[in-house]
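First the structure, in the form of structure tokens, and then the observations on it.
The values are calculated or read from the model by the stated rules, or taken from the named source; none is laboratory data. Note that the coordinates shown come from a computational prediction; the quantities given were computed from them, not determined experimentally. Every residue, glycine among them, receives a Cβ derived from its backbone with ideal geometry; neighbour counts consider all protein chains shown. Please note that ligands, DNA and RNA were not included when accessible areas were found on the heavy atoms of the full protein model with its side chains. Shrake-Rupley method; radii C 1.70, N 1.55, O 1.52, S 1.80 Å.
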Amino acid sequence: GRGFEFTARSVEIEDVSPGLAAGWARAIASPAAFDATTALAVAGTIVLRDVAYRSSDSSAKWSLATIADLDIYPGVLLAPRATPSPAAPNLAAMDEAMRAQAVEGLSVGFASFVIDDVAASSQMPGPNGASRTVATYARRVATEGFTPGRLDTATVEDLRVTSDGAEILTAEAATLADIDIVAPLRRILAGEAITPDTFNGLSIGRMDYTGL
């Protein structure tokens with residue numbers, strides 16, 4: 001399985017949903033009663049400070065994260081995982097990570113999610129089968145209006161991306177709007193082999209940027 005470590009110096013939670021505990025207990029007792037579109041409200045506001053994430057092939061840290069109106073979808077979180085078909089050779093190195101991200105992308109929703117002082121890195125396939133380290137830095141990443149697989153807007157400020165230390169992309173700001181990745185995520189979650197065709201149906205309604 002894909003192991004990971006997630007830490008935060010502090011977590012502040014306000015307006016916890018009064019039905020959260022009972023709803024989660026029902027989901028554990030009878031997962032089939034929750035389909036993929038049935039949401040369970042978690043809390044009005046969650047604030048995390050000095051956050052760090054680490055797995056076998058990626059890591060990330062940020063100083064502050066604020067999540068508003070978080071929902072979870074037990075029908076996705078608790079569903080049995082399909083046995084995956086092998087990925088295409090050029091995507092095999094990312095197979096496990098993409099399947100984990102498909103679960104994440106279809107199992108949560110929120111009104112907004114803002115993170116500050118982001119630094120992330122991951123191992124990505126490079127030429128001739130060699131891996132390369134891709135690192136991303138941003139002063140702020142702000143997303144709004146996320147339901148499973150769909151996002152209203154995502155804005156990144158002071159973005160810098162490097163590959164093995166060499167700068168490959170910078171932008172003062174970039175905004176994506178009307179993003180829909182439902183179909184690709186459902187294919188991945190169903191265990192289909194990950195190939196370039198897996199991503200058919202992914203759509204981005206608008207892209208704006210300054211200082212690229």
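Can you tell which of 143, 175 is modelled with pLDDT of 95 or more, at negative phi, among the polar types (S, T, N, Q) and under 13 Å from the mean Cα position of the chain (by Cα)?
Criteria check complete, one pass: 143.
Looking only at residues in the stretch 9-30 that are within 23 Å of the chain's Cα centre (by Cα) and loosely packed, with under 15 Cβ neighbours inside 10 Å, the one that is nearest to residue 61 (Cα to Cα) is 9. Of all residues in the stretch 59-80, none satisfies the criterion of being in a loop (DSSP other than H, G, I, E, B) and over 16 Å from residue 100 (Cβ atoms).
In the stretch 27-42, the residues that are closer than 24 Å to residue 187 by Cα reach residues that are open to solvent by 80 Å² or more (accessible area, probe 1.4 Å) and not hydroxyl-bearing (Ser, Thr, Tyr) with C-beta atoms within less than 7 angstrom, at least six apart or across chains, in these pairs: 33/26; 40/24. Remark: pairs (first residue in the stretch 57-86, under 12 Å from residue 40 (Cα atoms) and touching a residue at least 60 places away in the same chain (Cβ under 8 Å); second residue among the small types (Gly, Ala, Ser) and part of a loop (DSSP other than H, G, I, E, B); Cβ separation under 8 Å; 6+ apart in sequence or on different chains) = 73/36; 73/39; 76/36. Within the stretch 81-104, if we keep just the residues that are at pLDDT 80 or above and out of contact with any Pro (no Cβ under 9 Å at 6 or more places or on another chain), the residue that is surrounded by the most Cβ atoms within 10 Å (Cβ to Cβ) turns out to be 103.
State whether the residues of the stretch 39-60 include one that is out of contact with any Phe, Trp or Tyr (no Cβ under 7 Å at 6 or more places or on another chain), farther than 28 Å from residue 95 by Cβ and acidic (Asp, Glu). There is at least one residue in the stretch 39-60 that is out of contact with any Phe, Trp or Tyr (no Cβ under 7 Å at 6 or more places or on another chain), farther than 28 Å from residue 95 by Cβ and acidic (Asp, Glu).
Residues that are closer than 18 Å to residue 109 by Cα and not in a helix (DSSP H, G or I) were ranked within the stretch 170-211; the one that is least open to solvent (accessible area, probe 1.4 Å) is 177.
So, of the residues in the stretch 159-169 that are open to solvent by 80 Å² or more (accessible area, probe 1.4 Å), part of a strand (DSSP E or B) and of a type outside the set (A, V, I, L, M), which turns out to be modelled with the highest pLDDT? Explain how you work it out, then say what you get.
Filtering the stretch 159-169 for residues open to solvent by 80 Å² or more (accessible area, probe 1.4 Å) gives 160, 164, 167-168.
Now drop any that are not part of a strand (DSSP E or B), which leaves 160, 167-168.
Among the residues that remain, those that are also of a type outside the set (A, V, I, L, M) are: 160, 167.
Working: 160: 94, 167: 91.
Selected residue: 160.
Scanning the stretch 1-50 for residues that are under 11 Å from residue 75 (Cα atoms) and assigned to a loop (DSSP other than H, G, I, E, B) yields 30, 34, 35, 36, 37, 38, 39.
With respect to (1) in contact (Cβ under 8 Å) with a residue 24 or more places away in the chain; (2) open to solvent by 40 Å² or more (accessible area, probe 1.4 Å); (3) not acidic (Asp, Glu), the lone exception for residue 46 is condition (2).
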